[in-house]
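For reference, the structure discussed in these notes is given below.
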Amino acid sequence: MNELLFEPLTTPEQWCEIQPCFEIGGVTFTQPLGSILVYLLALLWIAGGVYFWRIREGQRSREWMALALVLGGIGAGLAGTSYQFLGYELKCAGRDLCLWTHWFEVGYMMLQAASASAMLIAVATACTTGALRLGLVIYAVANTVAYIALATYGALTAAKALISFELLMLFAAPGLLLILVIAAVRWLRDRDSMDLALIGAGVWLIFTIAAYSAYLAAGFTLSLWKGGDGFYLSENDVLHIGMILFIAYLVAVVAHRLRDNAPSGGDVVERSTFRARRKVERSTTSPFTSTNRGIQCISFAGSASRWPCSSSAS
């Protein structure tokens, strides 16, 4: 990747003209505010993952979400080191022209791809069963393997398109859309708070990515910086602020609502029971309900559970 130079071509001196730099003990650091934001984000990702793991209570969906957050946190730490904190040292120091990327950034994108797939598997475990769940899991794994293979090849051969943020978004976007569609369909059917919480997470993530893209396209970073006389807030900082709020939302709103669609063991299948109850309540001629002798009892064929019967014999 040493062949890929930053565009437009930039010398180490120019690198510190287009962004804030400061030197401590002979080491040049860059973007102090951005570094604080991204490392805070990394810590929140990992802390969120630990939280999901601690409250997992046997729910595989929470275990997969925990994995997704920890992977994302490690990736964010790598990104912050190369894009922000040590960007000068990794890509400019001792060179005539600064590099476009670094292995830290490639590692970040690989981990983010794996994180997105783990998040999709978490939602598949919570919202689907059977062949659909299996298909989503296979897709998520294949998506990650394919992306990592392409990114590795791109890094080794200096193929810029294969190690770009745009390619990462191309691989991650379908998973996000699948999460939104699955949660939306289920919410329209069941009005379950878990599905609504997942929809909120997906919508906020889309809003965050849209804000990042709009900020980048408008060129606000350099216009606000004013060659060192203004305030430096990059498109990456906008992305990280949005992601900090996203992680806070996952922990505060999604965590305790997330649960597997099919609990293991002999527990009552709560979600199926909930849907059945709603159907019975809406029906005035349910063949499963008998009131001829003041006895109401509803049973579910093939289920290990039965609603209690209440007798009010006249």
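The values are calculated or read from the model by the stated rules, or taken from the named source; none is laboratory data. Every value quoted in this text rests on a predicted model; they were computed, and no experiment measured them. So basically every Cβ, Gly included, is an ideal-geometry build from the backbone, and we count neighbours across all protein chains shown.
Quick look at the numbers
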quantity: Filtered residue count, segment 104-134, keeping only those that are without any contact (Cβ under 8 Å) to a residue 24 or more places away in the chain and either aliphatic (A, V, I, L, M) or crowded, with 24+ Cβ neighbours inside 10 Å (or both); calculated: 3
quantity: Single condition LEU40 does not satisfy, out of (1) surrounded by 20 or more Cβ atoms within 10 Å (Cβ to Cβ); (2) out of contact with any helix residue (DSSP H, G or I) (no Cβ under 6 Å at 6 or more places or on another chain); calculated: (1)
quantity: Residues (more than 20 Å from ILE244 (Cβ to Cβ), touching a residue at least 24 places away in the same chain (Cβ under 8 Å) and within 21 Å of the chain's Cα centre (by Cα)) located in segment 193-228; calculated: SER193, MET194, ASP195
quantity: Matching option when the condition is in a helix (DSSP H, G or I) and more than 30 Å from GLU57 (Cα to Cα), among ALA126, ALA214, ALA140; calculated: ALA214
quantity: Close pairs (7 angstrom Cβ cut-off, 6 or more residues apart or separate chains): closer than 21 Å to ARG257 by Cα and in the same structural domain as ALA172 (by TED's automatic domain parsing) in segment 60-79, among the acidic types (Asp, Glu) and at pLDDT 95 or above anywhere; calculated: ARG60/ASP260; SER61/ASP260
quantity: Of residues in segment 187-200 being among the small types (Gly, Ala, Ser) and within 17 Å of ARG62 (Cα to Cα), the one surrounded by the most Cβ atoms within 10 Å (Cβ to Cβ); calculated: ALA197
quantity: Residue count for segment 88-103, restricted to those that are in contact with a Pro (Cβ under 9 Å, 6 or more places away or on another chain) and free of Cβ contacts under 8 Å to residues at least 24 places away in the same chain; calculated: 1
quantity: Candidates ALA252, ALA184, filtered to the one that is surrounded by fewer than 17 Cβ atoms within 10 Å (Cβ to Cβ) and over 16 Å from the mean Cα position of the chain (by Cα); calculated: ALA184
quantity: Residues satisfying the stated conditions in segment 96-116, i.e. in a helix (DSSP H, G or I) and either modelled with pLDDT under 95 or not hydrophobic (A, V, I, L, M, F, W, C) (or both); calculated: GLU105, GLY107, TYR108, GLN112, SER115
quantity: Residues located in segment 9-59, provided they are touching a residue at least 12 places away in the same chain (Cβ under 8 Å), in a loop (DSSP other than H, G, I, E, B) and in contact with a Lys or Arg (Cβ under 6 Å, 6 or more places away or on another chain); calculated: GLN59
quantity: From ALA158, ALA173, ALA142, residue being touching a residue at least 12 places away in the same chain (Cβ under 8 Å), in the same structural domain as LEU250 (by TED's automatic domain parsing) and either over 16 Å from ALA126 (Cα atoms) or not basic (Lys, Arg) (or both); calculated: ALA158
quantity: Some residue of segment 103-122 being assigned by TED's automatic domain parsing to the domain that holds PHE52 and over 20 Å from the mean Cα position of the chain (by Cα); calculated: yes
quantity: Residues that are under 13 Å from GLN31 (Cβ atoms) and outside any helix (DSSP H, G or I), drawn from segment 217-244; calculated: PHE231, TYR232, LEU233, SER234
